[in-house]
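J.: Take a look at the following structure, please.
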Amino acid sequence: MQVEIIHHTKPLKNAGEELQFKLSNVDNSFANGLRRAITAEIPCVAIDQCTVLANTSVFFDEMLVHRLGLVPIWAEEAVRHLVYPRDCACQGQGCSKCQIRGRLHAKCPRESHKVNVFSSDLEFEELMIDVAEYGEAKKEGDSTIKAEEEASTRSQRPLKIHPVASSEDGVWLLSLGRCQEIDIQFYVRKGIAKEHAKWMTVGTVAMRYESDVRIPSSASFLQLQESDKKEWVSRCPAGVFDYEETSGQVRVVAPEKCIFCMECQRMEAPFNQTPEPLAIVRQKRNAQGLFSFVFTVESNGQLPVLSIIMTAVDVLTAKLRKVQAAMAGTLLPGEVRGEIIPTRPCLLYTSD
């Protein structure tokens, strides 16, 4: 397996990042599993529960809550310190280990015509986390640092959490008219996109096969006129082929742009008179029959795009370990063997 980063950019008018990389010498099932993990199984934080205390705007409560849930929140630190509500000791009732409380309060004064409310108006409760300030031991094997000294040198700082947006104001939520007011309390919790789309950390995960485009022989083009050659080259919407005016030959200039539209494979007059196909288009494979893929990942800004890909690899590794442990008849630490539930009722037949 080989990974090659093609380009990594950060658009000017977008809060996220875009990464394109090539994954070589892998099976298509592994590549598709990586794509699904990036899409739906990366932990993130989002507004999960809201209590509407006041709402005199023109929007229904459900519309406001839905908009708040889809606001992207920077979650690099929150993901490391928060646990899933289902795994918390509070059993999902809510505590400082599994949720962060926040509030959105805005009001349009009587003398104003309207007030715009943005995601930057969201207020989050400060969650203090421990920060270790002591360094490493002076020499290897030195055990002079005790637990009391470590505790005395620790400090606390608030957890960094804020909405993600490309502008200073953030995402526009709504506009309040004269004397209108909203007051909403909410809780930020950890989850994955498999549970709800508001925990999705990427906007696009595209995967395509790397193509192998070849022209078997130039003899087939000798039977075609110059106008026919230009027409055949213009069929490709991606610009894979090019016609040289001087030599009169058709060449493959950009095989990486092939989108497998198969326009070059259409056999109609006058291209059906050639002794062999004009071009061969197939998925690129190595000697072992493995493929190469080009991934394009666009993040929403909650997490760095490289961190998203590494987390997806860890998710796949953890799943494979569970499968390996199940096939070996063992359990991983902390797991409990559950009852096997049949997917369909069993029908018992008896003979007379």
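The values are calculated or read from the model by the stated rules, or taken from the named source; none is laboratory data. These numbers were taken from a predicted model, which means no experiment stands behind them. Every residue, glycine among them, receives a Cβ derived from its backbone with ideal geometry; neighbour counts consider all protein chains shown. Remember, those area values only see protein heavy atoms, side chains included, never the ligands or the DNA or RNA. Shrake-Rupley method; radii C 1.70, N 1.55, O 1.52, S 1.80 Å.
J.: In region 32-64, what residues are open to solvent by 50 Å² or more (accessible area, probe 1.4 Å) and touching a residue at least 24 places away in the same chain (Cβ under 8 Å)? Break it down into steps so the answer makes sense when it comes.
T.: Within region 32-64, the subset open to solvent by 50 Å² or more (accessible area, probe 1.4 Å) is 32, 35-36, 48-49, 51, 53, 56, 58, 60-63.
Scanning region 32-64 gives Asn32, Arg35, Asp48, Gln49, Thr51, Leu53, Thr56, Val58.
J.: If you take the residues in region 267-302 that are in contact with a strand residue (DSSP E or B) (Cβ under 7 Å, 6 or more places away or on another chain) and among the aliphatic types (A, V, I, L, M), which one is most open to solvent (accessible area, probe 1.4 Å)?
T.: From region 267-302, those in contact with a strand residue (DSSP E or B) (Cβ under 7 Å, 6 or more places away or on another chain) are 279-286, 290-300, 302; that's our starting set.
So of that shortlist, the ones also among the aliphatic types (A, V, I, L, M) come out as 279-281, 290, 294, 297.
Numbers: Ala279: 1, Ile280: 71, Val281: 23, Leu290: 54, Val294: 11, Val297: 0 Å².
Among them, the one singled out is Ile280.
J.: If I filter region 184-211 down to residues being open to solvent by less than 20 Å² (accessible area, probe 1.4 Å) and in a strand (DSSP E or B), which single residue comes out as nearest to Cys258 (Cα to Cα)?
T.: Ser211
J.: Hey, among Ser351, Ser292, Ser299, Ser307, which residue is more than 19 Å from Gly203 (Cα to Cα) and at pLDDT 90 or above?
T.: Details: Ser351 fails: at pLDDT 90 or above; Ser299 fails: more than 19 Å from Gly203 (Cα to Cα); Ser307 fails: more than 19 Å from Gly203 (Cα to Cα).
Unique residue meeting the criteria: Ser292.
J.: Right, here's the next one. Could you check, for region 239-251, whether at least one of its residues is in contact (Cβ under 8 Å) with a residue 40 or more places away in the chain and surrounded by 12 or more Cβ atoms within 10 Å (Cβ to Cβ)?
T.: For region 239-251, residues in contact (Cβ under 8 Å) with a residue 40 or more places away in the chain and surrounded by 12 or more Cβ atoms within 10 Å (Cβ to Cβ): absent.
J.: Picking from Arg154, Arg214, which residue would you name as being open to solvent by 30 Å² or more (accessible area, probe 1.4 Å), modelled with pLDDT of 85 or more, more than 25 Å from Val305 (Cβ to Cβ) and more than 20 Å from the chain's Cα centre (by Cα)?
T.: On the way: Arg154 fails: modelled with pLDDT of 85 or more.
Answer to the selection: Arg214.
J.: Which residues, counting only those in region 164-176, are open to solvent by 20 Å² or more (accessible area, probe 1.4 Å) and in contact (Cβ under 8 Å) with a residue 60 or more places away in the chain?
T.: Step one: list which residues in region 164-176 are open to solvent by 20 Å² or more (accessible area, probe 1.4 Å), which gives 165-169, 171-172, 175.
Scanning region 164-176 gives Ala165, Ser166, Val171, Ser175.
J.: Restricting attention to region 75-119, and to residues there that are acidic (Asp, Glu), assigned to a helix (DSSP H, G or I) and open to solvent by 30 Å² or more (accessible area, probe 1.4 Å), which single residue is nearest to Gly16 (Cα to Cα)?
T.: Keep residues of region 75-119 that are acidic (Asp, Glu), which gives 76-77, 87, 111.
Subset that is assigned to a helix (DSSP H, G or I): 76-77, 87.
In the following step, the residues that additionally are open to solvent by 30 Å² or more (accessible area, probe 1.4 Å) were identified as 76, 87.
Values: Glu76: 13, Asp87: 30 Å.
Once the filter is applied, the top-ranked residue is Glu76.
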